[in-house]
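What follows is one structure encoded as structure tokens, with my remarks underneath.
The values are calculated or read from the model by the stated rules, or taken from the named source; none is laboratory data. Given the structure is predicted, the values throughout are model-derived calculations rather than measurements. When we count neighbours, we look across all protein chains shown, and the Cβ atoms used for this are built from the backbone with ideal geometry, even at glycine. Remember, those area values only see protein heavy atoms, side chains included, never the ligands or the DNA or RNA. Shrake-Rupley method; radii C 1.70, N 1.55, O 1.52, S 1.80 Å.
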Amino acid sequence: MYWLVGLLVAETVLEGLICGGAAVTPTMRRVLCGALGLLLVGFTAALIVLDWQVWIWTIPFVLYRLINLLRVSAARMPAPQLRTVAVRAFGWLVAAQVLTVVVSGLATHFHIVTTIFDIGVALQLLCAVVLLRASTHTWRHAGLPADWKTLSDKELPSLSVLVPARNETEELERCLQALTASDYPKLEILVLDDCSANRRTPEIIRSYAHAGVRFIQGGVPDESRWLAKNYAYAQLAHEASGELLLFCGVDAGLEPQSMRELVTLLQARNKDMLSVMPLRSQASGSSLLQAMRYYWEICLPRRFFKRPPVLSTCWLIKRAALERMGGFEAISRSVNPEAPLARQAVVTDAYSFVRSDESLGIYSNKPAGEQYGTSVRVRYPQLHRRLELVALVSLFELLFLLGPLIGLCFAARLTHTMAYVAVWCVALFCLLSTYALVAVGARLTTVWFGWLLMPVAFCIDLALLHISLWKYEFSTVDWKGRNVCIPVMQVAPRPPKQ
């Protein structure tokens, strides 16, 4: 077996050289990547046959190393950037694989597999309790106060509502109907036509000119520098005149009092920025995809890492604060531009995340198809487009979020069955409570589905994470007819078909 380990080490060294940008031709690089991938699979399979108890746990890291080799072979990024991300992923994955072999080898040699398994089960319970504690804490602090001082029309600052629109029809019309019904006294509404391919979008915007809606014709962004949505935001912010800027998508629904309540809350808390978790519109039905997006914002103990929850449906910021942070030019390629702004604001306690209720009256009406597109567009960038983080999050979901349920399915095969069942039942209850808190509280699903569909939601999230990874690394991510990979991954655009 030792000679096989030696061959695997030799393959790993060659793999590191290729990831580090060894001087070879593109054709030779593709051949070497393919050969190294075959050797990696072959050596690992042989080691599993010889000692499966040690080597079978390395399979996940081998799979992600193959993806990394495929990324190097495809070479879609500029060479310096590709070298950086490939070497970093290679280093982390190899280190994790070595650590796994060492731990599993020691456990087998010293007959402490049961002890390590018990530690893992205890960590599952601890993780479930931490997630429940963090989610209830965030949920409670994101709630609206029972009452606060109502500002008079004279005390309210001027507000600009900024809406980018591209190839929108019915949703845009519903959004504009809601915005123009607002009772906010110092209000301007700016809607940007982001180079729509249809004629209906600018026609709808212009048809609301009598209600005070101002039409802005958007320009074509430089895809090497700008994500199209951020360029649209920058143009809208440049044209706006309000002291406060409210950015919202066409899927947002607002009640007449929503803007007044939101601005009053911003002033009462003395913040520079607010982000809102909207309620799901009752006419839109249930949404597993949206529930998982909200779940990841709510359940993690973000306050320890200065990374506050933030959502893009509707967010409010002071113009002066936006300019102080560098405007959208500083975050021109960020898939979630509101997130880095919130991270800057939270350092000085100038940011607040709130969840809507009937009194605030902010809703989301995003259709299922657009929810899927949004999930694919944001999931991989949320992990900083790092393959090793995808591996870590995937293992976390499998071991700690789905692990208690998997354990219950096989508990009858274990010794001390009742002890394991008791721990896993408590952990599963905590996880179900965490998911139901978000899914039911935001009206994304019914009470029964909120409790029963958590495992399905986690499996869908895992699938979407890898779909997002694959599309960003090897295909295209289309957002309203534009390839987001070009500015986000710095992928060279394909020449037009002749």
Would you kindly identify the helices (runs of 4 or more DSSP H) lying entirely within the range 337-409 that contain at least 3 residues that are over 19 Å from the mean Cα position of the chain (by Cα) and surrounded by fewer than 20 Cβ atoms within 10 Å (Cβ to Cβ)?
403-409
I need the full set of residues from the range 160-177 which are within 25 Å of residue 197 (Cβ to Cβ) and open to solvent by less than 40 Å² (accessible area, probe 1.4 Å), in order please.
161, 162, 163, 164, 165, 166, 168, 171, 172, 175, 176
Which listed residue, of 54, 62, is open to solvent by less than 50 Å² (accessible area, probe 1.4 Å), touching a Gly at 6+ places or on another chain (Cβ under 7 Å) and assigned to a helix (DSSP H, G or I)
54
Within the range 1-45, the residues that are among the hydroxyl-bearing types (Ser, Thr, Tyr) and open to solvent by less than 40 Å² (accessible area, probe 1.4 Å) are 12, 44
Looking at 65, 76, which is the one that is on the phi < 0 side of the Ramachandran plot and modelled with pLDDT of 95 or more?
65
Strands (runs of 3 or more DSSP E) wholly inside the range 207-283 that include at least 1 residues being open to solvent by 10 Å² or more (accessible area, probe 1.4 Å)
213-217, 252-254
What are the pairs with Cβ atoms under 8 angstrom where one residue, in the range 14-39, is among the small types (Gly, Ala, Ser) and the other, located anywhere, is open to solvent by 80 Å² or more (accessible area, probe 1.4 Å) and assigned to a helix (DSSP H, G or I)? Sequence gap at least six, or different chains.
20/83; 21/83
Filtered residues of the range 182-212 (kept if in contact with a helix residue (DSSP H, G or I) (Cβ under 9 Å, 6 or more places away or on another chain) and among the aliphatic types (A, V, I, L, M)):
187, 189, 190, 191, 192, 204, 205, 211
Quick check on this structure: which one of 106, 82 is within 24 Å of the chain's Cα centre (by Cα) and in a helix (DSSP H, G or I)?
82
Name the pairs: first residue in the range 311-326 and under 29 Å from residue 371 (Cα atoms), second residue open to solvent by less than 10 Å² (accessible area, probe 1.4 Å) and small (Gly, Ala, Ser), Cβ to Cβ under 7 Å, at least 6 apart or on different chains?
311/275; 313/252; 313/364; 314/252; 315/275
Wholly enclosed helices (runs of 4 or more DSSP H) of the range 413-498 bearing at least 2 residues in contact with a helix residue (DSSP H, G or I) (Cβ under 8 Å, 6 or more places away or on another chain), open to solvent by less than 60 Å² (accessible area, probe 1.4 Å) and modelled with pLDDT of 85 or more:
417-441, 454-474, 485-488
